[in-house]
Structures are given as C-alpha cells and as structure tokens.
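Asker: Quick one: the structure is below, questions incoming.
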Amino acid sequence: MKDNPEFSQSAMAQSAVEASSYLRTLSNPARLLLLCQLVDGPKRVGELEEALDLGQAYVSQQLARLRADGLVSARKDGRIVHYSLADDRIVTLVNVLYDLFCSQPNADD
C-alpha cells in the first residue's frame, strides 16, 4: 500500500487472511450489534439481552462465537461474566463502521 511500501506481499496476504476472518465474524448483524454495545465498556449477558431485545440463549451463542474468534474476552466475577472487546483494533473497527454507517442521517428516513 502507498503508506507502507516496505510491507511485503506475504505480510499483506497474511493480514488479508486475518482481516477477512474479522469481517466474516462481523457479517452477522447480531454479532456486530453486540460489538457496538461493548465499545462503551464491559457488559453482562443480561445487559446485552435487554439493550438489543434478544434472547439469552442467542446472545450467549453469539458471544461464544465472538470469543472463539478472538474479538471478545470474558472476565468472571463470581457467577457473573463480564464481556468486553478483546483489543483496541476491534474498538477502532467498530468506531469506523459506526462513522461510515450510523453517524450520517439515512436518506431513506
């Protein structure tokens, strides 16, 4: 790419594999909405259920997928599990998606 001419083709190919994996995970609207909720900080399953009006089993299933794919981490506090975004790249990605798709008024509205 123009900004980093020393970035090798093989390194770019490896990064493309990682990016496509992230994008595949984000292709599910419920998982994307969960990530949007977690940008503001850790939340429990019940908080996410209520915020998104989704069932507990479905939220838990999607969080398990996000966790398996390395986008979300979990911290136990007794019997309560707090979910948060795994790293700053996810925060940046979700914020960019928000800026592109949510911050502008929808022409259909």
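Asker: All but one of (1) surrounded by 16 or more Cβ atoms within 10 Å (Cβ to Cβ); (2) under 23 Å from S103 (Cα atoms) hold for L66, so report the exception by its number.
Answerer: With (1) surrounded by 16 or more Cβ atoms within 10 Å (Cβ to Cβ); (2) under 23 Å from S103 (Cα atoms) applied to L66, the lone miss is (2).
Asker: Would you call Y83 in contact with a strand residue (DSSP E or B) (Cβ under 6 Å, 6 or more places away or on another chain), touching a residue at least 40 places away in the same chain (Cβ under 8 Å) and among the aromatic types (F, W, Y)?
Answerer: Working: in contact with a strand residue (DSSP E or B) (Cβ under 6 Å, 6 or more places away or on another chain): yes; touching a residue at least 40 places away in the same chain (Cβ under 8 Å): yes; among the aromatic types (F, W, Y): yes.
The answer is yes for Y83.
Asker: Among the numbered criteria (1) at pLDDT 95 or above; (2) closer than 20 Å to S21 by Cβ, which one does H82 miss?
Answerer: (2)
Asker: Then there is this: Before we move on, is S73 among the small types (G, A, S), more than 22 Å from S20 (Cβ to Cβ), in a strand (DSSP E or B) and in contact (Cβ under 8 Å) with a residue 12 or more places away in the chain? Before you say what the answer is, go through the steps one by one.
Answerer: Details: among the small types (G, A, S): yes; more than 22 Å from S20 (Cβ to Cβ): no; in a strand (DSSP E or B): yes; in contact (Cβ under 8 Å) with a residue 12 or more places away in the chain: yes.
Judged against the criteria, S73 is not a match.
Asker: Which of the residues that make up the stretch 74-102 are within 11 Å of the chain's Cα centre (by Cα) and of a type in the set (S, T, Y)? Give the steps one after another, and end with the answer.
Answerer: Within the stretch 74-102, the first condition is being within 11 Å of the chain's Cα centre (by Cα), and the residues that meet it are 84-95, 97.
Selection gives S84, T92.
Asker: Can you name the condition, by its number, that L35 falls short on among (1) in contact with a strand residue (DSSP E or B) (Cβ under 8 Å, 6 or more places away or on another chain); (2) surrounded by fewer than 13 Cβ atoms within 10 Å (Cβ to Cβ)?
Answerer: Going through (1) in contact with a strand residue (DSSP E or B) (Cβ under 8 Å, 6 or more places away or on another chain); (2) surrounded by fewer than 13 Cβ atoms within 10 Å (Cβ to Cβ) one by one, L35 breaks only (2).
Asker: Just wondering, is there one or more residues in the stretch 40-60 that are closer than 18 Å to S21 by Cβ and either outside any strand (DSSP E or B) or modelled with pLDDT under 95 (or both)? Explain how you work it out, then say what you get.
Answerer: As a first pass, look at the stretch 40-60 and keep what is closer than 18 Å to S21 by Cβ: none.
Among the residues of the stretch 40-60, not one is closer than 18 Å to S21 by Cβ and either outside any strand (DSSP E or B) or modelled with pLDDT under 95 (or both), which makes the answer no.
The values are calculated or read from the model by the stated rules, or taken from the named source; none is laboratory data. Bear in mind the structure is a predicted one, so any value in this text is a computation, not a measurement. Counting neighbours? That spans all protein chains shown, and the Cβs are built from the backbone with ideal geometry, glycine included.
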